[in-house]
1. Among residues belonging to segment B:210-225 that are surrounded by 16 or more Cβ atoms within 10 Å (Cβ to Cβ) and aliphatic (A, V, I, L, M), point out the one that is nearest to the other protein chains (Cβ to nearest Cβ).
2. Looking at the structure I just gave you, is B:F243 among the aromatic types (F, W, Y) and within 14 Å of another protein chain (Cβ to nearest Cβ)?
3. Would you mind stating whether B:T123 is polar (S, T, N, Q) and within 14 Å of another protein chain (Cβ to nearest Cβ)?
4. Give me the residue from segment A:53-66 that is more than 8 Å from chain B (Cβ to nearest Cβ) and surrounded by 20 or more Cβ atoms within 10 Å (Cβ to Cβ) and, out of that set, modelled with the lowest pLDDT.
5. If I filter segment B:248-290 down to residues being over 19 Å from the mean Cα position of the chain (by Cα) and assigned to a strand (DSSP E or B), which single residue comes out as modelled with the lowest pLDDT?
6. If you scan segment B:299-323, which residues turn out to be within 12 Å of another protein chain (Cβ to nearest Cβ), crowded, with 22+ Cβ neighbours inside 10 Å, of a type outside the set (F, W, Y) and in a strand (DSSP E or B)?
7. I'm checking my understanding of the structure. Among residues of segment B:253-298 that are charged (D, E, K, R) and within 7 Å of another protein chain (Cβ to nearest Cβ), which one is surrounded by the fewest Cβ atoms within 10 Å (Cβ to Cβ)?
8. Could you grab me the full set of residues in segment A:171-223 that are part of a helix (DSSP H, G or I), out of contact with any Pro (no Cβ under 7 Å at 6 or more places or on another chain) and of a type in the set (G, A, S)?
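The values are calculated or read from the model by the stated rules, or taken from the named source; none is laboratory data. Keep in mind the model is a prediction, meaning the values are calculated, not measured. With ideal geometry, Cβ positions are generated from the backbone for all residues, glycine too; neighbour counts draw on all protein chains shown.
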Amino acid sequence: MKRFFFSIIICTTLLWNETSHAVGELGENNGFNNNPHNLSSRSGNTKKAVTETQICIFCHIPHGAVANAPLWGRPDPTGSFDIRAGLGISDPGIVNTTLYSTAADYPNGASKLCLSCHDGVTAMGILANGDELDMSGGNALQIDLAISHPISFVYNSNVKTHLGSSYLWPTTAYLDNNSRVQCTICHQPHQDTKSGTYSLPFWRGAGTNDVTEYNAICTACHTATPSIVNEHNF
Amino acid sequence: MRLLIGLVITLAFTTGCTLISAPEVQWVDSTTQLQWPAPPDKARIIFLRDFKGPGDFEKTSSSQKFLTWLTGERDKKLPFIAPYGIAADGLGRIWVADMGIRGVHQVDLAKGKVSYIFSAGNTPLTTPAGVAVDVDRQRLYVSDTTLAKVFLFDLEGRFLKEWDAPDNFGRPAGLAVDKFGQLYVVDAIKNRLSVFSPDGELLRTITSAILPELTFSTPSNVAVNAQGQIFVVDSMNFRVEFFSARGESLGTIGSIGDGPGYFARPRGIAIDGDGHIYVADATFDNVQVFDNNGKLLLHFGQPGKKQPGEFSLPAGMTIDQHNRLYVVDSFNQRLQVFEYLP
């Protein structure tokens with residue numbers, strides 16, 4: 001009876017795991033998948049490593065094991081470099097530091113991770129094309145949010161007031177832990193959603209109807225479906 | 001009316017005017033004194049200054065102001081939008097490839113002028129990434145990652161020639177020129193380094209000789225030292241691999257990790273007059289300096305918005321014959337210039 005009970009639990013767990021994996025998830029099948037962000041040797045894509053089987057390390061940099069003291073100057077603290085964008089960005093211990101404050105550098109958070117590869121050389125598709133965002137979060141909002149889809153700014157009440165009534169305040173689930181708009185407001189980098197007739201790449205909340213799901217993301221912030229699409233302005 | 005007054009003044013001006021000597025390049029921002037390692041250790045790297053855009057390049061002389069007043073027009077000048085590659089002749093001429101303006105900023109600090117290259121013949125540049133200058137031959141090379149070509153210009157920005165590999169480039173990125181005028185082209189998709197003679201003949205193709213991969217993984221940039229040794233930033237193998245002038249692999253520097261001496265997103269590379277190797281990292285927002293044996297000597301810089309020595313996704317780098325290190329601070333949309341003190 002006990003054995004039967006355990007079997008049920010194990011089967012349920014396995015089934016649950018199976019069904020919770022949407023198509024194209026980065027970690028599925030022990031990493032054997034065609035997710036374009038799968039750069040390991042297990043990827044089915046042409047752009048991949050020859051022998052490296054770990055799939056996470058290409059974005060989430062592991063800690064260096066051996067302390068390496070610089071030879072010039074006196075012994076330096078040989079701790080780790082600050083890669084707050086690279087590891088556990090939802091960890092309050094990391095994000096609630098002054099380095100991740102409203103005065104943080106730009107881009108910040110998860111977006112920095114995206115842009116460190118999508119620079120037109122290592123990976124294509126996203127280019128900087130606009131003025132720097134003022135992230136003071138205060139009244140001096142100097143950026144032109146009207147251009148298109150800025151990132152790394154705190155979407156607070158000042159921003160909302162500035163934008164006016166044609167913009168909505170998205171649910172906090174769309175923002176990062178510091179209430180910032182990041183690339184992840186539209187994109188889920190672990191989930192390869194573009195396949196067959198589904199046209200949206202790495203789309204947050206993707207299911208089976210790309211038109212509906214596209215509008216669902218748009219209307220989280222916009223009161224009307226915008227006329228300009230596919231614009232990245234950083 | 002303006003024109004008439006202008007004409008009269010110009011006549012008066014030209015008759016009594018003597019030739020003014022070319023102004024010196026302002027290399028040092030005397031308001032900022034920064035050194036690495038920190039005092040009291042001997043300074044190895046000092047901050048010289050930064051350049052945020054046309055306002056820092058241009059010298060508006062009184063005659064230029066007069067001309068502007070006369071014509072009522074100013075040339076359209078562009079800020080850095082998404083700069084990546086950089087080349088410099090050491091005399092004040094700097095070239096910066098910028099995918100944001102889809103062109104190359106041509107800066108002449110001595111003359112206080114800036115102009116732009118937007119096309120190679122009839123082909124508009126799309127995503128210019130790498131630049132390299134061959135001062136001896138008066139040549140400028142520009143790679144375009146989407147057009148998958150390398151373009152050759154003279155130092156006035158006039159298009160001369162289009163370069164390609166015999167089996168075509170995949171995504172040409174970082175460029176370097178050695179003292180013999182040989183051109184080195186990193187191909188980020190075909191995972192190789194192509195070496196061309198100054199005439200455009202493919203001399204050799206190099207890839208990684210490190211087991212078990214035996215290939216580069218998305219290499220991005222390249223530099224060549226005085227002995228002709230070649231250093232390739234092998235970005236997705238998270239290391240720098242270096243080669244003899246003949247292309248034999250001699251070893252690697254760094255590996256994946258988040259501590260000093262490791263790499264996360266290695267990008268730009270440059271070599272100073274003593275053969276030290278500088279590697280910019282877009283995740284750490286710093287520059288690490290290594291000796292020829294791959295030993296870490298120093299790291300400097302940190303994430304930040306605008307202060308000297310702070311970077312936001314640093315990209316291309318170069319060092320001129322005066323040991324001045326130019327770093328493209330891409331998302332801070334500026335250049336920072338440092339100096340190595342031997």
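1. B:I210
2. no
3. Considered against the rule, which asks whether it is polar (S, T, N, Q) and within 14 Å of another protein chain (Cβ to nearest Cβ), B:T123 comes out as no.
4. A:C59
5. Top of the filtered list is B:I256.
6. Selection gives B:H299, B:P303, B:P314, B:A315, B:G316.
7. B:K295
8. Selection gives A:A173, A:A216.
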